[in-house]
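Okay, so here's the structure we're looking at.
The values are calculated or read from the model by the stated rules, or taken from the named source; none is laboratory data. Keep in mind that this is a model prediction, so the values were computed, not measured. Cβ: placed from backbone, ideal geometry, glycine included. Neighbour counts: every protein chain shown.
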Amino acid sequence: MRRPDLPAVFVDADVLIAGSASTGGASHLILQLGELGLIDVVSSDQARRKAERNIARKLPEASGTFDRLIRSACRWVPDPSEEELAGHTDEADEEDLPILVAAAAAGCPILVTFNVRDFHPRSIDVTVETPAAFVERLRGRLRGLVRPETDQP
């Protein structure tokens with residue numbers, strides 16, 4: 001269920017994989033923020049299936065972390081229908097178009113992926129950025145909330 005009080009970010013399969021395989025990167029931090037309930041991390045059934053396949057084949061040692069994170073960190077949305085995809089065929093590579101459309105349908109203004117070159121949103125109002133860029137922007141916003149203490153005479 002969407003939490004309107006939280007910023008929503010859509011993650012694709014590569015972020016799910018990287019976030020499960022490494023505890024030190026931006027992808028893992030994004031999933032942790034979702035797990036803590038500080039942001040609404042959203043992904044699609046397609047992304048989950050792809051991540052599950054790749055982890056089982058290439059990174060079986062990450063499967064425990066992946067299973068925990070997909071239960072606790074993410075909100076899942078269905079894959080878009082062919083009709084929903086129809087008007088947007090030039091806005092992403094064919095394999096990635098369902099990810100972009102699902103992000104927009106879920107109300108996520110940000111799509112986080114390592115494959116930013118595969119997405120070309122024009123009519124869909126979604127910003128595409130890497131995990132590192134998203135985390136850096138988030139850090140900047142947090143810095144703006146913190147005011148340095150001033151010396152009092």
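See the values below:
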read-out	value
Extreme residue, nearest to residue 101 (Cα to Cα), among residues of segment 46-62 that are under 13 Å from the mean Cα position of the chain (by Cα) and without any contact (Cβ under 8 Å) to a residue 40 or more places away in the chain	48
Verdict on residue 86 being out of contact with any Ser or Thr (no Cβ under 7 Å at 6 or more places or on another chain), hydrophobic (A, V, I, L, M, F, W, C) and surrounded by 12 or more Cβ atoms within 10 Å (Cβ to Cβ)	no
Among (1) surrounded by 15 or more Cβ atoms within 10 Å (Cβ to Cβ); (2) of a type outside the set (Lys, Arg); (3) closer than 18 Å to residue 131 by Cβ - the single one residue 38 does not satisfy	(1)
Any hit, segment 10-28, residues being in a strand (DSSP E or B), modelled with pLDDT of 95 or more and surrounded by 13 or more Cβ atoms within 10 Å (Cβ to Cβ)	yes
Options 55, 70: the member that is more than 13 Å from residue 11 (Cβ to Cβ), surrounded by 17 or more Cβ atoms within 10 Å (Cβ to Cβ) and among the β-branched types (Val, Ile, Thr)	55
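Conditions (1) under 19 Å from residue 110 (Cα atoms); (2) small (Gly, Ala, Ser); (3) touching a Lys or Arg at 6+ places or on another chain (Cβ under 6 Å), marked per residue:
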| site | (1), (2), (3) |
| --- | --- |
| 29 | yes, no, no |
| 39 | yes, no, no |
| 49 | no, no, no |
| 55 | no, no, no |
| 69 | no, no, no |
| 72 | no, yes, no |
| 78 | yes, no, no |
| 87 | no, yes, no |
| 97 | yes, no, no |
